[in-house]
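This report refers to the structure that appears directly beneath it.
The values are calculated or read from the model by the stated rules, or taken from the named source; none is laboratory data. In this text, all values refer to a predicted model and were calculated from it rather than measured experimentally. Cβ placement follows ideal geometry from the backbone for every residue including glycine, while neighbour counts extend to all protein chains displayed. Ligands, DNA and RNA are excluded from the accessible area calculation, which covers all protein heavy atoms including side chains. Shrake-Rupley method; radii C 1.70, N 1.55, O 1.52, S 1.80 Å.
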Amino acid sequence: MLNLERLRTLDALARHGSVSGAADGLHVTTSAVSQQMAKLEREVGQQLLARNGRGVRLTDAGRLLAEHAARILSQVELAQSDLEAQRGQVVGALRLGAFPTAARGLFPMALCHLRARHPGLSVTTDEVEPSLAVRAVLRGDVDMAVVLDWYNKPLPVPEGLTRAPILDDAADVALPAAHPYADRVEVDLEEFADDDWITWRDAEFCHEWLLDTLRSKGVEPRIAHRAEEHATQLALVAAGL
C-alpha cells in the first residue's frame, strides 16, 4: 500500500521543485522530506529522486508517480468535502490570496460572512501580487486567489486553472486639486502626455499596464516617482508631484 503522507511529500517536491521548497510548503524540516522520500522509494522499489547539482530532480519513475499522487490527493480532498457536505457542514482549511486592494476592499466583509455561516471553516489569507498569486494556486500553496486583469491586458492563466469574474472596476486618474483637468468628469489619457506619473515598481502588473496603455496611445510616460502603497501615491499627488 502506498502511504498517503509520502505521496503528499512527493507531490510537494514535484510542485516546488526542491527539497527545501517542499519542506516549506509542508511546514516540516528538509530532513523529514528526505526521510519520507527514502521510505517511499523502499515501498515502490524504484529510485524516485536523482542528484542534480546541489539539488535533486525527479526520475522518470518519480514523475510518473507524482502525476498519480496529484490525482490521488485531489480525490482524497474531494472525498472529504463530499462527506462533510453529506453532514451539512463546511469544515476544513481554506487558503486565499489577493492583491492588496482586494484584500482590503473585499476580504473583511466576506470573511466575516464565512465565519458566521461556517464556523468550522478555517480561513487564512495572504496579500500577493496577481502573477505570483496565480503561481501560488498552481503550486497548491493557496486554494484560490483574487486577481485583476485589464480588458487590454488580460492576466495569463495556465492550463489546469479556471477563472470566474467577480466585478468590473473602473480606473480613475488621481490629479492634484489645482490641475487644469481636476474638474473634468472624463479625460483621455493622451491629454496627460506632458504630465509626470507616479507608478509602481518595474514588472508589477499595474505598472506594465500603465506603460503599455499609454504607449499604445503614442505617449511615452514620464515616471517621476514609484511607490507601492496607494496612500503614498495619493500623498505625492496631493503635494502636486
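Brief remarks follow.
- Considering residues of region 207-224 that are within 25 Å of L132 (Cα to Cα) and touching a residue at least 40 places away in the same chain (Cβ under 8 Å) only, the residue surrounded by the fewest Cβ atoms within 10 Å (Cβ to Cβ): D212
- Across region 50-66, the number of residues qualifying as modelled with pLDDT under 90 and not in a loop (DSSP other than H, G, I, E, B) comes to 6.
- Flag for R184 being part of a helix (DSSP H, G or I), open to solvent by 50 Å² or more (accessible area, probe 1.4 Å) and farther than 28 Å from L138 by Cα: no
- In region 133-160, the residues that are assigned to a loop (DSSP other than H, G, I, E, B) form Cβ pairs under 6 Å with partners that are among the hydrophobic types (A, V, I, L, M, F, W, C) and modelled with pLDDT under 85, at six or more places apart or across chains, as follows: P158/L138.
- Region 36-52 residues that are within 15 Å of A69 (Cα to Cα) and among the charged types (D, E, K, R), paired with ones that are part of a loop (DSSP other than H, G, I, E, B) and open to solvent by 70 Å² or more (accessible area, probe 1.4 Å) (beta carbon under 7 Å, 6 or more apart): E41/Q47; E43/L2
- Of the candidates A102, A110, the single residue that is open to solvent by less than 40 Å² (accessible area, probe 1.4 Å), among the small types (G, A, S) and out of contact with any Asp or Glu (no Cβ under 8 Å at 6 or more places or on another chain) is A102.
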